[in-house]
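What follows is a single structure, and I will ask about it in a moment.
The values are calculated or read from the model by the stated rules, or taken from the named source; none is laboratory data. Here the structure is a predicted model, which means the values were calculated and not measured. Cβ placement follows ideal geometry from the backbone for every residue including glycine, while neighbour counts extend to all protein chains displayed. Note: accessible area is taken over every heavy atom of the protein model, side chains too, but ligands, DNA and RNA are not part of it. Shrake-Rupley method; radii C 1.70, N 1.55, O 1.52, S 1.80 Å.
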Amino acid sequence: EELLVQLPRRVVLDPQPAYALMRGLKTLPVRMAQHNANALAVAQGLEGNPALAAVWYPGLTSHPDHAIAKAQMSGFGGMVCIDLKGGQDAALRAYDRLQLVKRAASLGGVESLVSLPVLTSHYGHTDAQLAEGGVTKGMMRVSVGLEDAGDVLADLRQAVG
C-alpha cells in the first residue's frame, strides 16, 4: 500500500510569529527609510578615506550603476561595501578594532553589522573565483543599522585608520 501524506489546504502561522510579523511590518517603511539614510551618510563619510581603496554603495554618484539604481529604487538600501588598502591583513585589523559595529556571519537587522566575505560568503574560493566575483581580500560588507549614523561612521573611521 502506498502511504499518501495529505497536506492541509491552508497553512496557518502560529500566533506568536504571526504577531511578531505583523508588528514588524507596521514599522518596516520607517526602518527602511532610516537604513537608507544612515547607509548613505556612512558611504559619503567614508568616500575618499585614504585607508580605503573603494567604497561601494549605489547611492554614491561615483558608483558605476548609480544612474540605474536611482531610476529603479526609491532608496539605496542599508548595505555599504568597503575595500581596505592593505588587503586581508588590513581588513582583519579593522574588524578587530570595531566597537559599535558588530561582527556577523549574515547581515540584516536593526543593528549595524559587518562581515568579511573571504571569511563568510566567499570562504574557500580561489583567488580567481574571488576576482571573477569582484570580491577582494580587503573587502568588508557593512549592514548599516538604525543607530546614529555619526556613531557608526566614527566607529568605522577609527577601525580602518
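Among all the aspartates and glutamates, which ones have a C-alpha under 18 Å from LYS85's C-alpha, if same-chain residues fewer than 8 places away are not counted?
Here the aspartates and glutamates satisfying the reach criterion relative to LYS85 are GLU47, ASP96, ASP127, ASP155.
Continuing with this model, one more query. By how many nm would the segment from TYR123 to SER62 lengthen if fully extended, with 0.36 nm per residue of separation less the alpha-carbon distance? The partial results should precede the final answer.
Working: separation 61, 0.36 × 61 = 21.96 nm, distance 2.85 nm.
Stretched fully, the TYR123-SER62 segment lengthens by 19.1 nm.
Related question: Could you work out the equivalent-ellipsoid semi-axes for the chain, taking the square root of 5 times each eigenvalue of the Cα gyration tensor, largest first, in whole Å? Spell out each step's value before the answer.
Working: eigenvalues 224, 95, 56 Å².
One finds semi-axes of 33, 22, 17 Å for the chain.
In nm, to one decimal, how far is the SER106 label point from the TYR19 one, both placed 7 Å along Cα→Cβ?
Inter-label distance under the simple model: 2.4 nm.
Run the numbers for ALA131 and LYS70: contour at 0.36 nm per residue of separation, minus the present Cα-Cα distance, in nm. Walk me through the numbers before you get to the answer.
Values: separation 61, 0.36 × 61 = 21.96 nm, distance 2.67 nm.
Extra length available between ALA131 and LYS70 comes to 19.3 nm.
On to the next question. In the Gaussian network model of the chain, springs joining C-alpha atoms below 10 Å, which of PRO15, PRO64, PRO117 carries the largest mean-square fluctuation?
Comparing PRO15, PRO64, PRO117 in the GNM, the peak value goes to PRO15.
Compare the peptides 87-100, 66-79, 118-131, 32-45 by average per-residue count of other Cβ atoms within 10 angstrom and give them in order, highest first. Can you show the working numbers first?
Details: 87-100: 16.5, 66-79: 14.4, 118-131: 12.4, 32-45: 19.8.
Packing proxy ranking, top to bottom: 32-45, 87-100, 66-79, 118-131.
What dipole magnitude, in Debye to the nearest 20, does the range 85-153 give about its Cα centre under +1 on Lys/Arg Cβ and -1 on Asp/Glu Cβ? The partial results should precede the final answer.
Numbers: 7 positive and 8 negative charges, 34 e Å.
Magnitude of the dipole: close to 160 debye.
In addition: Over the chain, with a Gaussian network built from C-alpha contacts below 10 Å, which listed residue (VAL144, VAL110, VAL12) shows the highest mean-square fluctuation?
Residue with maximal mean-square fluctuation among VAL144, VAL110, VAL12: VAL12.
A further question on this structure: Calculate the length of the line joining the C-alpha centroid of the range 137-161 to that of the range 92-108, in whole Å.
8 Å
Expressed as a whole percentage, what fraction of the accessible surface of the chain belongs to carbon and sulfur atoms when a 1.4 Å probe is rolled over the protein heavy atoms? Present the calculation step by step, with values, prior to reporting the outcome.
Working: 5680 of 10090 Å².
Result for the chain: 56 percent of the exposed heavy-atom area is carbon or sulfur.
So if each residue of separation counts as 0.36 nm, and I subtract the Cα-Cα distance between ASP148 and ALA54, what length gain in nm does that give?
Gain on stretching ASP148 to ALA54: 31.5 nm.
Now a separate question. Which residue fluctuates the most in the chain, going by a Gaussian network model with Cα springs under 10 Å, if the choices are ASP148, ASP65, ASP14?
ASP14
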